[in-house]
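Take a look at the structure below.
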Amino acid sequence: MLSYLFSLLIITAIWVLLVQSYNLSFGLTGLFNLGHIIFYGIGAYTAGILNTRYGFGFFENLLFSALVAGTFAAFFGLLTLRLSGHYLAIATLGAAMIATVVATNWVSLTNGPLGIRGIDEPELFGQVIQADSFGFLLLIPGVVVVCNILLFRIFHSPFGRILRSIKDDETASRAVGKNIFEAKMWSLVLSAAFAGIAGTLYAHYRLFLDPSIFAIPEIILIILMVVVGGRGNFWGAILGTILVVIIGEVPRFIGFPNNIVGATRNILFSALLIGTMFLRPNGLFTFFQKRTE
Amino acid sequence: MSFFQVSHLTKTFGGVHAVEDLNFEVKKNSITGLIGPNGAGKTTAFNLITHFLPRNKGNTIFDKKNISHVPAYKLVRNGIARTFQQIRIFPNLTLRENLLLSVSHSYDSWWRSLWKINETEANKRVEQMLKEVNLWKYADAPAKNLSYGQSKLLEILRCMATDAELILLDEPAAGVNPTMLRTVEKLILDLKAQGKTLLVIEHNMPFLMGISDEIIVMENGRFLMQDKPEVVQQDSRVLEAYLGR
Ligand SMILES: Nc1ncnc2c1ncn2[C@@H]1O[C@H](COP(=O)(O)OP(=O)(O)OP(=O)(O)O)[C@@H](O)[C@H]1O
Ligand SMILES: [Mg+2]
């Protein structure tokens, strides 16, 4: 039971970072990018490869996965950001599918479907922090909190305001002198860098990676968490993630047979998504936003 | 050379000649009206000047700078701001945020806009602007709650906040009640008093003739005439354009 709660906490923390990073590009800027999971996967693979082949540690990987995911996002943005709305969604969804194929078939880099095994546990001052130790419980959420503080700054900076103006009305934003393409690009790159860090956390927690990290259903889950929290709502994204994780655990917790847990979960998630969109299109946690009337 | 000059500006939509070989000049620190029947091409001309629409051809010179190829988002930095015939404010941003976005257009680099947090000065400016038009009490409410006329005021304020030298207003008086119209008029005259130059599209003739130094008339995408308001009002070609032949 304790180890179950333990892993739930770690996984939730990683989700919070991944979802908050998506909240920056999808929530705040309004980029309907369905390929966000690619940045997470690239971050995880960067950490896995750098660690198993070149001996990079956890902390170096935090930096390098952010750099690699961010750089990839810049190229990704050059190709896709000229598209808008549904076109962007379709192109980026296609990219996510390609990512799985690449991770499966580029065997020399990713070891294909067998995946990358034997990733090291994080080390701090020469001390290994084991994945079931108390230190780990401080380390992962600690990184997530630091990243969220940085993201909070971005959300509430004048730059964040520019991003919200783009979501509201691109033309008007241009009319007040904003370089839309540049702002969208940086929103995507920063968003990807944080997703890359989330990927590193995952890699050094699971110690094993395979191409399923790029799975499409994960994208839906991230969107669900942002929508439930309210697009662009900073605290909402955190609460939305926690709520969805808890709801996802309900079937197992009340003792559903293992073979229907997954299906039940999907039904609950779908109901939550549809319910939110119909009843609370601005998310369930609007009280965290400035009063509107 | 004049302050702002448009030459050979041309735009066709399929077969429609929306703007055809349009030429005119605007004097520094003047209020110039731009009139013409519905569909004459006035709004299209604004969109071409500000590059919200690509032009077929034509040059625009502003303050001795050729701005024929300056993209829309850079015009504010070059000292030109505009409003839209169909109001375009940021509905989900508060009034304060709507204005801060333009006051702080000095954050031209995204990097500075990321780290500059102290906006005390900018906020003071916003407060003063909103108080002047009696909207201060709504400063922290989303702009979508404003009435039509109030939204128009906000859009004009947003132009002013950019400190642009040339301001293009597309029908600032349309749909605005008489009391608020006086506020609009005051804003425009204050801008002129500060040395700004204004080009104003308007169908409300008494209003426009009252504030303008010069009037440009367009018809069917073309330049018809440009002169003092009292001359334009008497011109038979203008009457004909408006009343049909
Ligand atoms: N995006 C567009 N696509 C096709 N035709 C257009 C477009 N925009 C304008 N037009 C056409 O160009 C002509 C000029 O339109 P414009 O809006 O510039 O007129 P206007 O002088 O501003 O009229 P109003 O006083 O009614 O606002 C019209 O015939 C219009 O139908
Ligand atoms: Mg018009």
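The values are calculated or read from the model by the stated rules, or taken from the named source; none is laboratory data. Everything quoted here is computed from the prediction, not taken from an experiment. Methodologically, a virtual Cβ is constructed for each residue, glycine included, from the backbone with ideal geometry; neighbour enumeration extends over all protein chains shown. What goes into the accessible areas is simple: the full protein's heavy atoms, side chains included, and nothing from ligands, DNA or RNA. Shrake-Rupley method; radii C 1.70, N 1.55, O 1.52, S 1.80 Å.
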Helix axis angle, B:120-132 relative to chain B longest principal axis, alpha carbon, degrees: 60
Pairs of Lys in the range B:89-163 closer than 22 Å at Cα, counting only those 8 or more apart or on different chains: 7
Cβ charges +1 (Lys, Arg) and -1 (Asp, Glu), total dipole of the range A:2-216, debye: 560
Ratio of the Cα radius of gyration of the protein assembly as shown to 2.2 N^0.38 Å, where N counts its residues: 1.17
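Using only alpha carbons, build the gyration tensor for chain B and give me the equivalent ellipsoid semi-axes, biggest first, whole Å. Don't skip to the answer; put the middle values down first.
Working: eigenvalues 190, 90, 51 Å².
Whole-Å semi-axes of the equivalent ellipsoid: 31, 21, 16.
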The range B:1-103 - Kirkwood radius from inverse mean 1/r over Cα pairs (Å): 15.0
Efficiency of FRET between A:Phe253 and B:Lys137 - r from beta-carbon atoms, R0 60 angstrom, step 0.05: 0.75
Estimated distance in nm for a label pair at A:Tyr4 and A:Phe152, the labels positioned 7 Å out from Cα along Cα-to-Cβ: 3.3
Unit charges on C-beta of K, R, D, E only; dipole of chain B, Debye: 560
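Between B:His69 and B:Val231, take the C-beta separation as r, use R0 = 22 Å, and let me know the FRET efficiency to the nearest 0.05. Please report the intermediate quantities before stating the final value.
Values: r = 35 Å, r/R0 = 1.59.
That pair, B:His69 with B:Val231, gives E of 0.05.
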Distance between modelled label sites at B:Thr12 and A:Phe134, nm, 7 Å Cα→Cβ extension: 8.1
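Take the residue pairs A:Lys178/B:Lys228; A:Lys178/B:Lys196; B:Lys64/B:Lys186; A:Lys167/B:Lys28 and return only those whose Cα atoms are more than 26 Å apart.
Values: A:Lys178/B:Lys228 37 Å; A:Lys178/B:Lys196 22 Å; B:Lys64/B:Lys186 29 Å; A:Lys167/B:Lys28 36 Å.
Exceeds cut-off: A:Lys178/B:Lys228; B:Lys64/B:Lys186; A:Lys167/B:Lys28.
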Cα centre as origin, Lys/Arg/Asp/Glu Cβ charges: the protein assembly as shown dipole, Debye: 240
Summed buried accessible surface, chains B and A, 1.4 Å probe, nearest 100 Å²: 2800
Candidate aspartates and glutamates - alpha carbon under 13 Å from B:Lys192, same-chain residues fewer than 8 apart omitted: B:Asp163, B:Glu165, B:Asp213
Carbon + sulfur, % of accessible area of chain A - ligands and nucleic acids excluded, 1.4 Å: 69
Alpha-carbon centroid distance for the pair the range B:41-70 / the range A:27-65, whole angstrom: 44
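What does the charge add up to near B:Trp136, with Lys and Arg as +1, Asp and Glu as -1, over the other residues with Cβ less than 13 Å from its Cβ?
Values: positive: B:Arg96, B:Lys124, B:Arg125, B:Lys131, B:Lys137; negative: B:Glu127, B:Glu132, B:Asp140.
The answer is +2.
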Candidate aspartates and glutamates for bridging to A:Lys184, where Cα separation is under 15 Å - those fewer than 8 sequence places away on the same chain excluded: A:Asp168, A:Asp169, A:Glu170, B:Asp108
Efficiency of FRET between A:Ile260 and A:Val107 - r from beta-carbon atoms, R0 25 angstrom, step 0.05: 0.10
Between the range A:218-289 and the range B:141-176, the Cα center-to-center distance that results, in Å: 40
Long-range Cα-Cα pairs in the range B:116-245 (distance over 20 Å), rounded percent: 53
Charge dipole of chain B about the Cα centre (unit charges at C-beta), most positive-ward option of B:Thr197, B:Cys159, B:Phe4: B:Cys159
Nitroxide proxy distance, nm - points 7 Å out along Cα→Cβ at A:Gln127 and A:Ala215: 3.6
Choice from A:Leu243, A:Leu207, A:Leu114 showing the highest fluctuation, given a GNM over chain A with Cα pairs closer than 10 Å: A:Leu114
For the protein assembly as shown: accessible area per residue (Å², 1.4 Å): 45
Dipole-positive endmost among A:Leu273, A:Val228, A:Ile213 within the range A:138-293 (Cβ charges, Cα centre): A:Val228
Highest-fluctuation residue, B:Ser102, B:Ser147, B:Ser30 considered, GNM on chain B with Cα pairs under 10 Å: B:Ser147
Cα pair distances of the range B:6-66 binned at 5 Å [whole percent]: 4, 17, 29, 26, 16, 6, 2, 0
Fully extended contour minus Cα-Cα distance, from B:Lys124 to B:Ser2, at 0.36 nm per residue: 40.4 nm
Peptide A:162-174 - average C-beta neighbours from other chains (10 Å radius): 6
